[in-house]
Amino acid sequence: MSTTAVASNDEAIPVTPEGHRLLSELLTQLTGEGRAEVSARLREARGDGGNAADNPELMHAVEEQIRLERRIAELESRLARAEVMDGGVRADGRAALGTRVRLRRLDAPAPVTEYELVSSVEADPSLGMLSAESPLGAALLGRRAGETVEVEAPRGPLEFAVLAVEDAEPYLLAS
């Protein structure tokens with residue numbers, strides 16, 4: 001999962017209900033199966049005996065354990081600061097966190113694109129999950145079908161037509 005913004009340690013992080021559920025499941029998986037797998041690798045590497053500095057398998061297993069514990073701490077911090085948003089299309093048909101927006105670029109021939117507007121901790125544009133804090137995501141918030149948005153990009157402004165705003169379907173979170 002990629003992130004487009006990093007929140008400070010005390011800042012609330014808005015997440016969709018589905019995103020919160022999936023982040024919680026990932027944390028459970030890492031604290032259970034993930035830790036068990038790393039512990040088994042550590043035991044196996046220690047079984048080789050000898051000096052720890054001369055045991056590359058042990059050093060690799062320790063590095064893997066450090067990465068796992070950092071990931072767990074990151075997820076725990078994010079979940080502790082998570083503010084679950086209702087999500088979905090607002091009564092007036094406007095895009096909000098948890099909506100799927102279908103759009104098409106107006107300033108160049110391009111296919112129709114769909115994105116779900118999510119928080120920065122859920123964002124993964126390759127899976128169609130766009131951070132509401134990104135330039136395009138922020139421009140889409142509050143828009144309705146039929147409107148156009150302009151987004152400033154490094155090569156100049158881009159124009160998009162909002163074709164549809166609808167409730168998002170549940171998605172799979174990349175780990």
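All of the numbers you see were taken from the coordinates with simple rules; none came from a lab. Treat the numbers as computed from the prediction; the structure is a model and nothing was measured. Neighbour counts are summed over all protein chains in view; Cβ atoms, including those assigned to glycine, are modelled from backbone coordinates with ideal geometry.
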* Asked: Relative contact order for the range 99-167 using alpha-carbon pairs under 8 Å, separation at least 6, rounded to a whole percent?
  -> 36 percent
* Structure fact -> Length gained, Arg104-Glu69, 0.36 nm per residue minus C-alpha separation, equals 8.4 nm
* Return P(r) of the range 13-84 (all Cα-Cα pairs; 10 Å bins starting at 0; whole %; ordered from short to long distances). => 20, 38, 23, 14, 6, 0
* Structure fact -> Mean-square fluctuation maximum in Gaussian network of the chain, Cα pairs under 10 Å, restricted to Arg94, Arg41, Arg155, hits Arg155
* Structure fact -> Over the chain, the sum of -39500 (n - 2.57) across DSSP H runs of at least four, divided by residue number and rounded to 500 deg cm²/dmol, gives at 222 nm -10500 deg cm²/dmol
* Structure fact -> Restricted to the chain, the DSSP antiparallel beta bridge percent, nearest 5, is 75 percent
* Asked: So how tilted is helix 17-29 from the main axis of the chain? Cα-based, degrees 0 to 90, rounded to 10.
  -> 10 degrees
* Structure fact -> Note on the chain: contact order normalised by length, alpha-carbon pairs under 8 Å, 6 or more apart, percent, works out to 27 percent
* Asked: Percentage of Cα-Cα pair distances in the chain greater than 28 Å, rounded to whole percent?
  -> 39 percent
* **Listed residue (Asn55, Gly32, Pro17) projecting farthest to the positive dipole end of the range 13-84, Cβ model** => Pro17
